[in-house]
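Report on the following structure.
The values are calculated or read from the model by the stated rules, or taken from the named source; none is laboratory data. Bear in mind that the values here come from a model prediction, so they are computed numbers and not experimental data. Glycine also receives a Cβ, built like all others from the backbone with ideal geometry; neighbour counts cover every protein chain displayed. In case anyone asks, the SASA skips ligands and DNA or RNA and just uses the protein heavy atoms, side chains included. Shrake-Rupley method; radii C 1.70, N 1.55, O 1.52, S 1.80 Å.
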2 protein chains.
Amino acid sequence: MADDVLKKVLVEPGDKAGLAKRSPTEDFGWDKESAKAETIKLLAKVDALQTRLAAERSRGLLFVIQAMDAAGKDGTIRSMHAGLNPAGVHVHGFKAPAGRETGMDFLWRIHEVCPARGEIGIFNRSHYEDVLVVRVKNFVPRSVWSKRYEHIRNFEKLLAAEGTRIVKVHLQISKEEQRLRLQDRIDDPTEQWKFRLGDLDDRKLWPQFMRAYEDAITETSTAYAPWYIVPGDRKWVRNLVVARLLVATLEDMNPQFPPPDESLKGLQVV
Amino acid sequence: MADDVLKKVLVEPGDKAGLAKRSPTEDFGWDKESAKAETIKLLAKVDALQTRLAAERSRGLLFVIQAMDAAGKDGTIRSMHAGLNPAGVHVHGFKAPAGRETGMDFLWRIHEVCPARGEIGIFNRSHYEDVLVVRVKNFVPRSVWSKRYEHIRNFEKLLAAEGTRIVKVHLQISKEEQRLRLQDRIDDPTEQWKFRLGDLDDRKLWPQFMRAYEDAITETSTAYAPWYIVPGDRKWVRNLVVARLLVATLEDMNPQFPPPDESLKGLQVV
C-alpha cells in the first residue's frame with residue numbers, strides 16, 4: 001500500500017504509538033470539498049471489491065475501530081458503510097460485558113462474532129477495552145491486564161493465519177474537541193440520548209486513558225494486525241483516511257472470482 | 001398506513017394469500033425513472049426516523065424477507081440499506097441449520113438474533129423456511145411442520161407484545177423470471193458463485209413451494225405480524241414498494257426523542 005498518508009498514520013510494528021507527537025487536527029494539506037469528493041469516489045469502488053471477496057470466500061476482513069467517547073466511531077462506520085453491501089458486512093458494538101460474557105475470558109465474545117471467510121466485520125470498540133477502560137478503572141489487577149497484550153497478539157495471529165485480514169484504527173481526538181462534542185450532546189435535545197454522565201468520569205481520567213492507549217497500540221501493532229492512528233478532530237479528514245485504508249486494504253488483498261465451473265458449461269435452466 | 005399500494009400488497013389477516021391471483025409483474029402504473037427517484041427520496045427519510053427509534057429505545061422493528069431463489073432478497077435488502085444507519089440495523093441470513101442449531105427447536109436461532117429495542121433487524125430468509133423447504137422436502141413429517149404455524153403465530157405475538165414491530169415481505173417472482181436469473185448466474189462468471197445446483201432441484205418443486213408459501217402466508221398473516229406480497233419481477237417496482245413499507249411503518253411507529261433530562265440543564269463540560 002503505497003499511499004503516503006497511510007504510511008504516516010501507520011504505527012510500524014516495533015515502534016511506539018507516539019500519540020503525543022501526532023496531531024488530531026492534521027489535515028495532510030487537503031481541502032475539505034475535494035476530500036469529501038475523493039471519499040465518495042473511493043467508497044464507490046468498495047462494492048465491486050467486496051463482491052469479489054464474497055465470491056472468493058477464502059479470506060475475511062476485520063476493521064477494529066477504537067477511540068475515546070465522542071471521537072466519531074459511529075460516524076466513521078457510517079461513512080465506510082455507504083460503500084458496503086450490507087449482505088457481507090457485520091458491525092458489532094461492544095459495551096460493558098453482561099450475562100454469560102462476564103463469566104468468560106475477555107476474547108470469547110470477540111471470537112464469537114469475528115468475520116467469516118468472504119465477510120467484512122467492523123468492531124465499534126473491541127477486545128482493546130480490556131486493556132483500556134479495564135486498566136484505567138482497575139476492573140482487574142495489573143497482573144491480569146498486563147498479560148493481555150500477549151493474549152491479544154496471539155489471538156490476532158490465529159485469525160490472520162486462518163484467513164482474516166486485520167486493520168486496527170484508533171481515532172485520535174483532542175481533549176478540547178471532545179469537550180465541544182460532549183457539550184453539544186448535553187445541550188441538544190436530539191443528541192442528549194447519546195450522553196452518559198459516565199462519559200465525564202472517563203474524561204477526568206484523560207491522561208490515564210492516553211497512557212493506556214499508548215501502551216496498547218505500541219504492544220499490539222504487528223505486521224499481521226497493524227494499528228493506524230487517524231486524526232479525528234476533522235470528520236472529513238478522518239473519513240477520507242479511513243476510506244483510503246479500506247480501499248487500499250481490499251485492493252491489496254485483491255480477491256478473485258473462482259474459476260468458471262466447467263461442469264456448468266452449456267447448462268440450460270428449464 | 002393509508003398508502004393504496006401497501007393496502008393492495010397486504011394480506012389481510014384471515015384472508016387467503018391468493019398468490020395465484022397476484023401478478024409478479026404488477027407495476028401499479030408507475031414509470032421506472034420516477035419510481036427510482038421516489039425510492040431514493042423515501043429512503044432519505046429513514047435515517048432521521050431511525051435515529052428517533054434508537055433514541056426512544058422502547059421498540060424494535062423486524063423486517064422478514066422471504067422468497068424463492070433469485071427472487072431478489074439480497075438486492076431488496078441492499079436497496080433498503082441505502083437509507084439506514086448501520087449502527088442500528090442488523091441483517092441476518094439464515095442458511096440450513098448447522099451445529100448446535102440442529103439440536104434446538106426451529107425458533108431458537110431466530111430468537112437469538114431478534115432486534116433489541118431501538119434496533120432494526122432484517123432477516124434474509126427466516127423461521128418460515130421451517131414450513132417451506134422443510135415441508136416441501138419432507139425434512140420433518142407433516143405432524144411436525146403443520147403445528148409450526150401456531151408456534152410461529154405465538155412467537156411473533158410474544159415479540160410484538162414486548163415491543164417489536166414485525167413486517168413480513170414475500171418477494172413474488174414468476175417462474176420465467178427465475179429461469180432468466182438462474183441462467184444469468186450460470187452464464188456469467190462473476191455471478192456463478194451465487195449459483196448452487198440445488199437451486200435447480202428446488203425449481204423442479206415450484207408448484208409444491210407455491211402451495212407451501214400460500215399456506216404459510218395465509219396461516220400467519222396477523223394484525224401484529226402482517227404479510228405483504230411484493231411483486232418481484234421488476235426490481236424498481238419491488239424496491240419502491242419496500243421503501244414505502246419501511247417509511248410508512250416507521251412513520252406509523254412515530255418514535256420520539258426522550259424528554260430533555262432536566263438534571264443536565266446548565267451542565268458545563270470542563
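What angle, in degrees between 0 and 90 and rounded to the nearest 10, separates the Cα long axis of helix A:206-220 from the longest principal axis of the Cα atoms of chain A?
40
Any chance you could give the angle, 0 to 90 degrees and rounded to 10, that helix B:235-253 forms with the longest Cα principal axis of chain B?
The angle comes out at about 40 degrees.
Just flag the chymotrypsin sites (Phe, Trp or Tyr not before Pro) in the stretch B:179-247 sitting in loop per DSSP whose Cβ has no more than 16 other Cβ atoms within 10 Å.
B:Tyr224
A:Thr222's amide H: which non-local residues (gap 5+, or another chain) put their own amide H closer than 5 Å, with H modeled 1.01 Å from N in plane and none for Pro or chain starts?
HN-HN under 5 Å from A:Thr222: A:Trp227.
Counting other Cβ atoms within 10 Å, which GluC sites (Glu not before Pro) in the stretch A:142-174 have at most 16 and lie in a DSSP loop? It would help to have the intermediate numbers written out before the result.
Numbers: sites: A:Glu150, A:Glu156, A:Glu162; in loops: A:Glu162.
Within the stretch A:142-174, the qualifying GluC sites (Glu not before Pro) (loop, at most 16 other Cβ atoms within 10 Å) are A:Glu162.
Could you give each residue of the stretch A:58-65 its phi-based ³J(HN,Hα) in whole Hz, using Karplus coefficients 6.51, -1.76, 1.60 with θ = phi - 60°, and x for Gly or Pro?
10, 9, x, 9, 10, 9, 9, 10
For A:Arg185, what accessible area in Å² do you get when you roll a 1.4 Å probe over the heavy atoms of the protein chains, rounding to the nearest 10?
That residue has around 50 Å² of solvent-accessible surface.
Count, for each residue of B:185-193, the Cβ atoms from other chains sitting within 10 Å of its Cβ, then give me the mean as a whole number.
6
So how exposed is A:Ile173, as accessible area in Å² (1.4 Å probe, rounded to 10)?
Accessible area, nearest 10 Å²: 10 Å².
Mind checking the mean number of beta-carbon atoms from other chains within 10 Å of the Cβ atoms in B:79-85?
Values: counts 1, 1, 7, 3, 0, 3, 5.
If you average over the peptide's residues, the count of other-chain Cβ atoms is 3.
Hey, in the GNM for chain A with a 10 angstrom Cα cutoff, which one of A:Gly121, A:Gly29, A:Gly14 fluctuates hardest?
A:Gly29
Select from B:Thr190, B:Thr76, B:Thr164 the residue whose mean-square fluctuation is largest in a Gaussian network model of chain B (Cα-Cα springs shorter than 10 Å).
Result: B:Thr190 has the largest fluctuation of those listed.
Would you mind telling me which residue in A:Lys137, A:Lys73, A:Lys168 has the biggest mean-square fluctuation in a Gaussian network model of chain A, where springs connect alpha carbons within a distance under 10 angstrom?
Evaluated over chain A, the most mobile residue of the options is A:Lys137.
Straight distance only, please: which lysines reach the Cα of A:Lys147 with their own Cα at less than 21 Å, same-chain residues fewer than 8 apart left out?
Candidates past the 8-residue exclusion: A:Lys16, A:Lys137, A:Lys157, A:Lys168.
Looking at the protein assembly as shown only, what percent of DSSP beta bridges run antiparallel? Nearest 5 please. Please report the intermediate quantities before stating the final value.
Values: 6 of 52 bridges.
Taking every DSSP beta bridge within the protein assembly as shown, about 10 percent pair in antiparallel fashion.
Near the amide H of B:Val89, under 5 Å away, which other amide H atoms are found, from residues 5 or more places off or on another chain, if H is placed in the peptide plane?
Residues meeting the criterion, in which the H sits 1.01 Å from N, are B:Ile120.
Could you put A:Thr249, B:Thr25 in order of accessible surface area, largest first, with the 1.4 Å probe and the full protein assembly present?
B:Thr25, A:Thr249
I'd like the mean, over residues of A:255-264, of how many other protein chain beta carbons sit within 10 Å of each residue's own Cβ.
3
Roll a 1.4 angstrom probe over the protein heavy atoms and tell me the percent of accessible area of the stretch A:152-270 that is carbon or sulfur.
C and S atoms contribute 51 percent here.
Can you list the residues, at least 5 places off or on another chain, whose amide H is less than 5 Å from the amide H of B:Met68, using H built in the peptide plane?
It is B:Ile173, by chain and number.
Of all beta bridges DSSP finds with both residues in chain A, what is the antiparallel percent, to the nearest 5?
10
Using a 1.4 angstrom probe and counting only protein chains, how large is the accessible area of A:Asp202 in Å², to 10?
That residue has around 20 Å² of solvent-accessible surface.
Could you work out how far the C-alpha centroid of the stretch A:30-92 sits from that of the stretch B:115-181, in angstrom?
Spelled out, the Cα-based centre of one part sits 31 Å from the other.
Just the number please: accessible area per residue for the stretch B:64-201, 1.4 Å probe, all protein chains included, in Å².
Value returned for the stretch B:64-201: 44 Å² of accessible area per residue.
Can you give the angle from 0 to 90° between the axis of helix B:142-161 and the longest principal axis of chain B, with both taken from C-alpha atoms, to the nearest 10?
So the inclination is approximately 10 degrees.
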